[in-house]
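Trainee: Okay, handing you the structure first.
Nothing in this text is a laboratory measurement; each read-out follows from the coordinates by a stated rule. In this text the structure is predicted, and so the values were computed from the model without any measurement. Cβ coordinates were reconstructed from backbone atoms using ideal geometry, including for glycine residues, and neighbour counts include every protein chain displayed.
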Amino acid sequence: MTKPPCALPLLIPLLLAAFLLTPTTAEIKSLTITEDARAMILFEKFGFTPTGHVIISVHSVNVGHMSPNAPNPIPSRLGFFLLSEESLLQVLLEIQQNPNFCVLDSHYILPLFTFRDLSPPPLSAFNQSYPVTAPNEYSLFFANCAPETKVSMSVRTEVFNLDRDGSRDYLSAGLTHLPSLYTLYSLTYIAFLAIWIYVCYHERNIVQRIHLVMGLLLLFKALNLICAAEDKHYIKVTGTAHGWDVLFYIFQFIRVVLLFTVIVLIGTGWSFLKPYLQEKEKKVLMIVVPLQVLANLASVVIGETGPFIKDWVTWNQVFLLVDIICCCAIIFPIVWSIRSLRETSKTDGKAARNLNKLQLFRQFYILVIFYLYFTRIVVFALKTIAAYKYQWVSNAAEETASLVFYVVMFHMFRPVVKNEYFLVDDETEEAAEVALKDEDFDL
């Protein structure tokens with residue numbers, strides 16, 4: 001028996017989502033499927049070397065009917081398989097040409113086993129290891145081509161590559177370098193923090209509250225990277241995170257909230273231009289912080305559950321939407337500050353100071369736009385186009401862009417005694433007045 005035509009619009013988006021959305025880190029996973037009628041369920045996405053292996057253990061299998069008149073399912077119509085990205089288009093073409101086509105019959109998949117191989121009831125169990133001799137990035141799917149059936153089962157999956165010494169590497173071929181990468185960047189941020197503490201101590205008489213908040217941002221960025229390195233290391237060696245993922249999510253949440261808060265506070269001129277926030281600026285923070293709570297909740301769900309849950313695609317969409325809203329929201333305070341400075345420059349008689357401030361905030365505006373554009377669009381493009389063996393390149397690019405952003409931002413707003421805002425002579429003042437008349441600082 002084959003899947004009814006109504007399954008066609010459900011299969012194609014799922015297959016596309018499997019290759020476009022960022023997958024969870026592959027590791028040892030134990031999960032339970034309860035009365036699930038989906039035509040396809042994505043379990044893992046993993047880059048295999050020539051020594052790759054897949055171990056699947058299934059037990060407590062029960063195939064039920066969605067209606068009393070539903071036909072008895074054929075066991076060979078339910079099973080697990082691997083699908084490479086190169087074969088995706090061919091499978092989609094087969095499904096489009098024949099709406100009744102069962103993906104388990106495709107010549108472009110690597111079939112693993114079907115329910116026909118299960119032990120006879122009441123055992124209904126299966127445990128098998130499969131070598132993956134053709135190195136590539138594959139997605140592990142379960143397909144249900146039996147009409148009007150719902151499946152319940154407990155599944156344990158292990159996907160790994162073997163190192164030269166025979167040990168198992170549970171990180172995908174393109175992510176196996178991440179522990180070393182994150183360790184290197186964590187040491188860089190620790191050194192950065194030490195330099196920042198020295199600068200603030202040396203200029204302690206003029207240190208503002210924003211400089212302390214910036215120091216906290218560096219601290220939690222370093223802690224976040226340390227936990228990320230340990231998390232990936234334990235997954236690489238054992239297949240499980242051993243609790244490092246909890247610390248990773250905690251520090252990631254604090255780090256992201258601090259980052260957006262620092263950008264908003266600098267953008268409003270807090271501690272630099274004025275010691276208070278206006279009502280509209282407070283509203284930006286009141287919007288950004290709760291949204292970051294929601295975004296990090298979505299990040300935890302995406303990272304800790306996996307694509308096999310029914311709402312995985314929805315949580316990805318929530319995360320992307322919230323992230324876009326936050327990125328747009330933090331731009332407004334910078335724009336407000338630039339416009340406020342332009343208006344003030346016409347009345348307070350301090351053209352040179354206002355010109356310097358305008359230039360600084362315009363540079364900061366460009367810096368923030370570049371950072372958001374690169375980490376949201378360019379990094380995503382790298383993840384999409386890079387070969388599976390070089391997935392770590394997108395992580396390296398993202399961390400490098402973040403480091404450059406931090407260095408430039410901290411340099412622009414560092415505590416200095418000879419502040420360019422206040423050391424102004426008459427000649428500079430006159431030149432600034434002319435520049436303000438000629439220059440257009442509108443965005």
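Trainee: Subtracting the Cα-Cα distance from 0.36 nm times the residue separation, let me have the gained length for Ser152 to Val237 in nm, one decimal.
Mentor: Roughly 27.5 nm would be gained on extension.
Trainee: How big is the convex hull of the Cα atoms of segment 33-154, per residue, in Å³?
Mentor: 99
Trainee: Name the shape class, rounded, prolate or oblate, that the alpha-carbon gyration tensor gives for segment 148-235, where a ≥ b ≥ c are the square roots of its eigenvalues, rounded holds for a/c under 1.5, and otherwise prolate holds if a/b is larger than b/c and oblate otherwise.
Mentor: oblate
Trainee: Hey, another quick one. What FRET efficiency, computed as 1/(1 + (r/R0)^6) with R0 = 51 Å and r the Cβ-Cβ distance, is obtained for Glu35 and Leu187, rounded to the nearest 0.05?
Mentor: Once the sixth-power term is evaluated, E becomes 0.55.
Trainee: What does the charge count near Ile235 come to, summing +1 for each Lys or Arg and -1 for each Asp or Glu among other residues with Cβ under 10 Å from its Cβ?
Mentor: Combined, the nearby Lys, Arg, Asp and Glu give -3.
Trainee: Moving on. What does the charge count near Pro71 come to, summing +1 for each Lys or Arg and -1 for each Asp or Glu among other residues with Cβ under 12 Å from its Cβ?
Mentor: 0
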